[in-house]
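Data block below; observations after.
The values are calculated or read from the model by the stated rules, or taken from the named source; none is laboratory data. Keep in mind that what you see is a predicted model, and the values were worked out from it rather than measured. Virtual Cβ from ideal backbone geometry, glycine too; neighbours counted across all protein chains shown. Surface areas here come from the heavy atoms of the whole protein model, side chains and all, with no ligands, DNA or RNA. Shrake-Rupley method; radii C 1.70, N 1.55, O 1.52, S 1.80 Å.
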Amino acid sequence: MSTSASFFSDFQITDLLFLGEAAGRTLGISAVSITIGTVLGCVFGWALQESKWLAQVTIGTILDVFRSVPLIIQLILFYNFFPIIGWKMGPFAAGAFVLSIYTAALVANVVRGGIDAVGDPMRRAARSLGMSYWHDLRYVVWPIGLRAVFPSWVGVALSVIKDSALVSVLGYLELLRASQILITRTQEPFIILACAGAFYFALSYPLSKYSKKLEEGWAS
Amino acid sequence: MDYNFHWRPVLRKIPELLEAGLLTLEVAVLSMLLGIAIGLGLALLRMKGPTPLRQIATTWVEIARNTPALFQLFFFGFGLGAFGLHLSPYLIVLAGLTFNNAGYLAENFRGGFLAVPETQVRAARSLGMTAIQTYVRIIIPQVLKIVYHPMTNQMVWAVLMSSLGMLVGFRELSGETQFFASKTYRIFEYFAVTAVIYYIIVKIILLASNLVARRLFRY
């Protein structure tokens, strides 16, 4: 019989379930942010590419700020700003909000590159064949541009999944925060961090390899 | 809106914040220099090293690129504790950033080296250049031109990533901000000022990088 009380319990099989749930939340917030961010980013990127200066000085500057300030500062800043203007937002909503704009800022650049890759001569040719502006955008720019920048979009998506770990500072129970809670309880940082790292790796590695393969396939 | 902004206490602390900003820059620059050295080694090992070393280099690069930077920092902070190795917050951030930088830079360098055709090495050697001369005069200048912009990006990232130091108790710009913010409860004001400082730091780096590039790549 042990004489001292034990405050720490070992790593158990149910803890894997706890980590798995948290991993699901990591995926959830990433999926929401990537979806919203990509839609916004497409609109912003298109506006930046097509406008002379109005979009550049407005959207361009804002997105530039979001790319130049650490994500963790953005998260803390917005999480503390929403209550000031009277919005009640939980960690998930605030985190998804910031991550979405952050994604949009990165995607906007990718989209600009995609439109650039199509080139003016091709677009003028499309217009002179009688296509409207929107036809040109839908049937010429979209398919060609998408091919050019899809691998970089995958790169952005992967970096957002990894950056979603920072939402833990708002108290959102995603994978990294869950692993920290377990570390506090079990005092076995190595195994638990290895599990969390393995999950991120298992998610990110195949996707990055896949996009690299696509890139090579399209380049040749 | 019934919130009163109090900027005065924040403005009074700006000298301290700027000093912490220098610490941020210091750790970012150091991790960058170490990262460049290790990244070069990793890139060369991946291309020309013997199999076991090549596998180690590949593992390093893939782990650095496919896991969150925060995870890498935690690993150096808490994971190594399992082996009885306890690093100071400064070393945790430096090690984490260096690990990450080296991984990303190695991939950039590899791309740079692969972009310079092998035939140029042979041409230089047959003109009577030594192996070292070939590298210094033919290969490195071309590789540098290719990897220069990715390197600038990595430097910016290093500055942004160093903000994670606040989560392991490092008192760089973010950590210092958090310290003051929790003392005064002026969280929004403090972090707003910090965001501005980060923005300025990043802009200065980009400006300096452009100036150097103009000088380096005149031809």
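Looking for something away from every other protein chain (no Cβ under 14 Å) and surrounded by 20 or more Cβ atoms within 10 Å (Cβ to Cβ) - is there at least one such residue anywhere in the stretch B:161-177? No, the conditions are met nowhere in the stretch B:161-177. Scanning the stretch A:180-195 for residues being within 8 Å of another protein chain (Cβ to nearest Cβ), part of a helix (DSSP H, G or I) and not hydrophobic (A, V, I, L, M, F, W, C) gives a total of 2. For A:Thr35, the criteria (1) open to solvent by 60 Å² or more (accessible area, probe 1.4 Å); (2) under 26 Å from B:Tyr199 (Cα atoms) hold in every case but one, which is (2). Restricting the first residue to the stretch A:161-187 and requiring it to be over 21 Å from A:Leu99 (Cα atoms), which pairs with a second residue that is at pLDDT below 90 and of a type in the set (Ser, Thr, Tyr) meet a Cβ separation below 7 Å and a spacing of at least six or different chains? From residues that are over 21 Å from A:Leu99 (Cα atoms), the pairs are A:Arg185/A:Ser9; A:Thr186/A:Ser9.
Evaluated against (1) without any contact (Cβ under 8 Å) to a residue 40 or more places away in the chain; (2) under 22 Å from the mean Cα position of the chain (by Cα), B:Gln133 falls short on exactly one condition, (2). Checking the stretch A:153-170 against the condition returns no match, with no residue being more than 18 Å from the chain's Cα centre (by Cα), more than 10 Å from every other protein chain (Cβ to nearest Cβ) and over 15 Å from A:Leu27 (Cβ atoms). The condition of being closer than 30 Å to A:Ile181 by Cα, touching a residue at least 12 places away in the same chain (Cβ under 8 Å) and hydrophobic (A, V, I, L, M, F, W, C) holds for only one of A:Ala105, A:Ala31, A:Ala94, A:Ala47, that being A:Ala94. Scoring A:Ala198 on the criteria (1) at negative phi; (2) more than 10 Å from chain B (Cβ to nearest Cβ) leaves a single failure, condition (2).
Of everything listed in (1) away from every other protein chain (no Cβ under 14 Å); (2) under 30 Å from B:Thr24 (Cα atoms); (3) surrounded by fewer than 21 Cβ atoms within 10 Å (Cβ to Cβ), the single unmet condition for B:Lys48 is (2). Report whether or not A:Leu214 is at pLDDT below 90 and either part of a helix (DSSP H, G or I) or within 25 Å of A:Thr14 (Cβ to Cβ) (or both). It is true that A:Leu214 is at pLDDT below 90 and either part of a helix (DSSP H, G or I) or within 25 Å of A:Thr14 (Cβ to Cβ) (or both).
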